[in-house]
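Engineer: The structure follows.
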There are 2 protein chains.
Amino acid sequence: MSGMRPLEKLVTLTEALRAIDRASKPTDRTEEVPIWSAGGRVLAEDVKAGIAVPTFTKSAMDGYAVRSADVKSAGANNPAVLKITGKIFAGHVAKNVLKSGQCSEIATGGMLPDGADAVVKVEDTSANKRGSVSILLPVPKGENIIVAGSDIAKGARVASKGEFLYPGKVGAIAAIGVDSLRCYARPSVVVMPTGDEVIRPGEKLKPGQVYDVNTFTLKTAAQTFGAEVDVREIVDDSKESLIEAISFESADMIIFSGGSSVGEKDLIVDAVSELGDVIFHGVSIRPGKPTLLGKVGSSLVLGMPGHPTSCLSNAYIFLEPMITKIGRFPKQRRNTVVARLSAEAQLAEGRTTVLPVKLDGGKAVPVFKESSAITSMSNADGYVLVPPSGSRLRKGAAVTVTLF
Amino acid sequence: MSGMRPLEKLVTLTEALRAIDRASKPTDRTEEVPIWSAGGRVLAEDVKAGIAVPTFTKSAMDGYAVRSADVKSAGANNPAVLKITGKIFAGHVAKNVLKSGQCSEIATGGMLPDGADAVVKVEDTSANKRGSVSILLPVPKGENIIVAGSDIAKGARVASKGEFLYPGKVGAIAAIGVDSLRCYARPSVVVMPTGDEVIRPGEKLKPGQVYDVNTFTLKTAAQTFGAEVDVREIVDDSKESLIEAISFESADMIIFSGGSSVGEKDLIVDAVSELGDVIFHGVSIRPGKPTLLGKVGSSLVLGMPGHPTSCLSNAYIFLEPMITKIGRFPKQRRNTVVARLSAEAQLAEGRTTVLPVKLDGGKAVPVFKESSAITSMSNADGYVLVPPSGSRLRKGAAVTVTLF
């Protein structure tokens with residue numbers, strides 16, 4: 001076709017990832033998030049303790065609050081017999097003051113009464129009749145009690161700006177009574193399917209049409225990586241429609257699923273050039289070569305190949321680091337396993353190869369059919385990233401499989 | 001206290017996990033899920049292809065559809081000149097029949113016209129004037145085309161009952177036009193905070209009260225593990241209230257965050273015994289000893305220790321495998337790293353120890369303060385599970401850290 005432009009200069013995977021890293025700016029958008037749904041978010045403020053935790057000195061055990069001096073010679077054959085002068089449940093205020101020879105029943109979490117300086121576990125006592133208890137073991141001062149402020153001092157920083165909110169961190173914030181947090185907004189992703197031939201699952205296929213695959217893999221993947229995803233209607237294959245569609249958006253990322261190849265009707269590169277900048281177009285990787293990174297206004301534009309395997313493979317290789325950086329998420333620590341190839345695998349000579357594999361009995365079975373085949377990826381458990389080298393990887397070679 | 005009952009028989013961690021595995025039945029509840037939100041769910045049906053993918057033979061490249069016999073002697077110095085008789089875009093129906101000496105411009109995804117049996121890439125051609133093109137390389141039959149059904153044969157099983165829906169699998173299902181899937185329901189978890197002394201973050205503390213921590217760590221953790229979580233109001237510390245609260249529920253799991261210890265007011269074991277069965281009460285682990293597993297009707301009851309660190313540690317050790325099994329999720333492959341301890345760590349002699357650690361410069365720094373301290377876990381990056389052994393682990397010992 002007269003208008004066809006081959007990809008002229010491929011960037012290497014390393015160059016592409018470096019460009020993505022440079023172009024992806026950690027978000028500054030923040031929003032107030034109730035603590036109920038703050039798990040998995042990233043804090044946009046330091047959280048300081050307005051109270052000490054615990055706020056009062058309390059018992060770590062069910063047992064008896066004592067003056068340690070009263071029980072220092074206690075033993076199984078020489079019990080210290082103490083008069084029970086109170087009963088302190090968690091949530092109650094200890095009102096009595098313990099004098100020598102006295103003790104107070106106390107539940108875990110109960111407030112230590114004045115005068116007491118330790119707690120004897122119930123297991124180390126023996127109940128008597130008539131309001132006294134035999135203590136069978138000595139306890140040092142401070143034993144089995146939790147001193148006010150020992151967990152979190154008043155004014156201490158409980159969590160810092162930029163921290164990822166794992167369950168334990170959410171708990172620590174709850175402990176100081178904070179119920180709403182300023183968090184960074186999740187990266188916003190708009191998926192824009194293109195292609196006159198593409199229709200949505202559930203509709204009826206006409207000759208020449210295909211179901212939209214990439215929108216679904218991209219949405220699922222982007223959500224898994226932590227983004228908030230909006231999907232647009234399928235955009236016409238015309239430069240005008242593309243320009244109009246892009247102009248309307250203000251998301252952190254606009255992803256086109258298809259259309260960044262070299263064909264006459266692949267107009268995304270033209271639309272992006274007209275509205276902003278093309279950062280790269282074409283990466284020395286297989287699958288995934290006809291990938292475009294651009295910038296329009298404050299939105300990054302990622303043009304994905306139309307082939308389902310290339311598109312999904314790109315989601316793991318290119319989209320995940322973008323979302324991680326923009327969302328300020330911890331660098332993903334995707335699981336890997338080392339396995340031996342069950343069969344020889346074809347490589348893209350001189351390019352990086354993304355090799356989808358299935359794990360079977362400890363072996364890595366290559367399942368790549370072709371870039372166009374969705375089953376190349378959908379039957380895989382993960383992929384091997386093979387740097388540019390020869391044209392094949394021998395059967396039995398040890399490979400590192402990155403798991404989905 | 002007269003009513004106190006020490007934990008009489010601790011089960012080992014192995015016994016506890018075995019009991020959890022036996023008691024946790026994979027869910028049979030299913031629901032219809034639109035493909036838009038099926039990522040991360042587990043299929044409850046086999047999905048078979050009602051159509052072949054692709055439904056028609058198409059081009060894998062932008063280029064020219066040819067009869068391979070016409071170009072078998074083509075070369076840069078000996079181009080095969082073919083007449084362009086058509087132009088086929090993706091989504092259009094190829095109407096012309098290719099005769100010898102003819103070719104058709106074709107875009108990636110375009111339907112191969114009858115008569116053609118291969119596609120020459122645009123890079124291997126040179127455009128001429130007046131409606132012809134020079135082919136500079138021979139192509140074998142079948143080159144650069146995707147044969148109908150080569151990706152997915154009509155009738156083939158695209159995904160199986162029990163499969164976890166990774167992005168690629170969602171894409172494969174979209175490819176055959178299916179827009180709604182029967183999936184297993186997410187395990188349902190009800191978190192029931194207990195304790196007269198416990199109030200919600202955001203409220204004002206009175207003397208003796210503490211903020212609810214465990215509800216937040218449990219909810220966040222259970223959601224991370226794939227469950228659907230409902231949180232109830234704080235339940236009174238009375239057996240009657242507990243019995244009423246439990247009777248009302250039909251969730252897969254009811255979790256009490258506190259109250260399964262041995263104290264007089266720790267009434268969960270009584271309530272569970274009255275309504276159903278206590279499977280175990282007390283595990284030889286630190287933190288996490290006063291843990292209860294029970295069954296009431298079809299609900300499993302998990303009684304968590306009240307101490308925040310014990311409770312959160314239990315979420316990783318006991319709750320995650322329950323949710324994984326009930327939800328039919330793939331066995332979690334939590335990341336681990338091997339590191340050396342930066343300092344000696346105290347162990348619970350004769351018990352399994354869960355040792356929270358922070359990773360710092362490649363070292364594992366023990367951060368355990370005490371079971372009651374939320375900061376024991378909230379400052380950790382993961383934990384080391386140390387089997388029952390001596391009373392300490394020496395500085396410099398190599399440990400496997402399971403990351404959050």
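Engineer: Which ones in the range A:175-192 are under 22 Å from A:ILE326 (Cα atoms) and either modelled with pLDDT of 95 or more or at the interface with chain B (Cβ under 7 Å from one of its Cβ atoms) (or both)?
Structural biologist: Step one: of the range A:175-192, the residues under 22 Å from A:ILE326 (Cα atoms) are A:181-192.
Correct list: A:LEU181, A:ARG182, A:CYS183, A:TYR184, A:ALA185, A:ARG186, A:PRO187, A:SER188, A:VAL189, A:VAL190, A:VAL191.
Engineer: A further question follows. Being within 22 Å of B:THR108 (Cα to Cα), touching a Ser or Thr at 6+ places or on another chain (Cβ under 8 Å), among the acidic types (Asp, Glu) and at pLDDT below 95 narrows it down to one of A:GLU240, A:GLU264, so name that one.
Structural biologist: On the way: A:GLU240 fails: touching a Ser or Thr at 6+ places or on another chain (Cβ under 8 Å).
Only one candidate qualifies: A:GLU264.
Engineer: While we're on this one: Within the range B:294-331, work out how many residues are out of contact with any strand residue (DSSP E or B) (no Cβ under 9 Å at 6 or more places or on another chain) and surrounded by fewer than 24 Cβ atoms within 10 Å (Cβ to Cβ).
Structural biologist: So the count comes out to 7.
Engineer: Need the failing condition index for A:GLU123 against (1) in a helix (DSSP H, G or I); (2) in contact with a Ser or Thr (Cβ under 6 Å, 6 or more places away or on another chain), just the number.
Structural biologist: Evaluating A:GLU123 over (1) in a helix (DSSP H, G or I); (2) in contact with a Ser or Thr (Cβ under 6 Å, 6 or more places away or on another chain) leaves (2) as the failure.
Engineer: I've got another one for you. Show the residue pairs that are 6+ apart or on different chains and have beta-carbon atoms under 6 Å apart, the first residue being within the range B:282-300 and under 16 Å from B:MET377 (Cβ atoms), the second being of a type in the set (Gly, Ala, Ser).
Structural biologist: Going by the 6 Å Cβ cut-off, the qualifying pairs are B:ARG286/B:ALA348; B:PRO287/B:SER310; B:PRO287/B:SER313; B:PRO287/B:SER371; B:GLY288/B:SER310; B:GLY288/B:SER313.
Engineer: If a residue has to be within 9 Å of another protein chain (Cβ to nearest Cβ), part of a strand (DSSP E or B) and buried (at least 19 other Cβ atoms within 10 Å of the Cβ) to count, how many in the range B:46-87 make the cut?
Structural biologist: Number of matching residues: 4.
Engineer: Quick check on my filter: what residues within the range B:10-22 are surrounded by fewer than 19 Cβ atoms within 10 Å (Cβ to Cβ) and part of a helix (DSSP H, G or I)?
Structural biologist: In the first step, residues of the range B:10-22 are kept if they are surrounded by fewer than 19 Cβ atoms within 10 Å (Cβ to Cβ); the result is B:12, B:14-15, B:17-19, B:21-22.
Within the range B:10-22, B:THR14, B:GLU15, B:LEU17, B:ARG18, B:ALA19, B:ASP21, B:ARG22 meet the criteria.
Engineer: Scan (1) in the same structural domain as A:GLY168 (by TED's automatic domain parsing); (2) within 24 Å of B:SER257 (Cβ to Cβ); (3) touching a Gly at 6+ places or on another chain (Cβ under 7 Å) for the single condition A:VAL42 breaks and write down its number.
Structural biologist: Status for A:VAL42: all satisfied but (2).
Engineer: Additional query: Tell me whether the range B:148-159 contains one or more residues that are out of contact with any Cys (no Cβ under 9 Å at 6 or more places or on another chain) and part of a helix (DSSP H, G or I).
Structural biologist: Of all residues in the range B:148-159, those out of contact with any Cys (no Cβ under 9 Å at 6 or more places or on another chain) come to B:148-159.
Then drop every residue that is not part of a helix (DSSP H, G or I), which leaves none.
No, the range B:148-159 contains no residue that is out of contact with any Cys (no Cβ under 9 Å at 6 or more places or on another chain) and part of a helix (DSSP H, G or I).
Engineer: Would you mind finding the one in B:ALA94, B:ALA107, B:ALA116 that is away from chain A (no Cβ under 11 Å), out of contact with any helix residue (DSSP H, G or I) (no Cβ under 6 Å at 6 or more places or on another chain) and buried (at least 17 other Cβ atoms within 10 Å of the Cβ)? Quick ask: steps written out before the conclusion?
Structural biologist: On the way: B:ALA94 fails: away from chain A (no Cβ under 11 Å); B:ALA107 fails: away from chain A (no Cβ under 11 Å).
It is B:ALA116.
Engineer: Scan the range A:120-158 residue by residue and report those that are at the interface with chain B (Cβ under 8 Å from one of its Cβ atoms) and either of a type in the set (Gly, Ala, Ser) or more than 19 Å from A:ILE88 (Cβ to Cβ) (or both). Don't jump to the end; show me each part of the working.
Structural biologist: Filtering the range A:120-158 down to residues at the interface with chain B (Cβ under 8 Å from one of its Cβ atoms) leaves A:122-123, A:127, A:146, A:150-152, A:158.
Residues satisfying the conditions are A:ALA127, A:SER150, A:ASP151, A:ILE152, A:VAL158.
Engineer: Could you check, for the range A:157-177, whether at least one of its residues is outside the structural domain of A:VAL47 (by TED's automatic domain parsing), aromatic (Phe, Trp, Tyr) and touching a residue at least 40 places away in the same chain (Cβ under 8 Å)?
Structural biologist: Within the range A:157-177, none of the residues are outside the structural domain of A:VAL47 (by TED's automatic domain parsing), aromatic (Phe, Trp, Tyr) and touching a residue at least 40 places away in the same chain (Cβ under 8 Å).
Engineer: Still on this model: I'd like to verify a number: residues in the range B:375-404 that are surrounded by 14 or more Cβ atoms within 10 Å (Cβ to Cβ) and assigned to a loop (DSSP other than H, G, I, E, B), how many?
Structural biologist: Selection size over the range B:375-404: 7.
Engineer: May I pose another question? Can you spot a residue in the range B:124-132 that is under 24 Å from A:THR194 (Cβ atoms), touching a residue at least 40 places away in the same chain (Cβ under 8 Å) and surrounded by 22 or more Cβ atoms within 10 Å (Cβ to Cβ)? Break it down into steps so the answer makes sense when it comes.
Structural biologist: Initially, the range B:124-132 is screened for residues under 24 Å from A:THR194 (Cβ atoms), giving none.
No, the range B:124-132 has no match at all.
Engineer: Test B:LYS325 against the stated conditions and say whether it is among the charged types (D, E, K, R) and within 9 Å of chain A (Cβ to nearest Cβ). Walk me through it before giving the result.
Structural biologist: On the way: among the charged types (D, E, K, R): yes; within 9 Å of chain A (Cβ to nearest Cβ): no.
Here the answer is no, as B:LYS325 does not meet what is asked.
Engineer: Just checking, which of B:GLU240, B:GLU228, B:GLU244 is surrounded by fewer than 22 Cβ atoms within 10 Å (Cβ to Cβ) and under 30 Å from A:GLN332 (Cα atoms)?
Structural biologist: Values: B:GLU240 fails: under 30 Å from A:GLN332 (Cα atoms); B:GLU244 fails: under 30 Å from A:GLN332 (Cα atoms).
Every option except B:GLU228 fails the conditions.
Engineer: Go through the range B:193-287 and tell me which helices (runs of 4 or more DSSP H), entirely inside it, have 3 or more residues that are on the phi < 0 side of the Ramachandran plot and away from chain A (no Cβ under 14 Å). Show your work before the answer.
Structural biologist: Values: elements: B:214-224, B:239-247, B:268-275.
Result: B:239-247, B:268-275.
Engineer: While we're on this one: What are the residues in the range A:356-374 that are more than 14 Å from every other protein chain (Cβ to nearest Cβ) and outside any loop (DSSP other than H, G, I, E, B), if any?
Structural biologist: A:ASP360, A:LYS363, A:ALA364, A:VAL365, A:PRO366
The values are calculated or read from the model by the stated rules, or taken from the named source; none is laboratory data. Everything numeric in this text was worked out from a predicted model, so none of it was measured. As a convention, Cβ positions derive from the backbone with ideal geometry for all residues, glycine included, and neighbour counts pool all protein chains shown.
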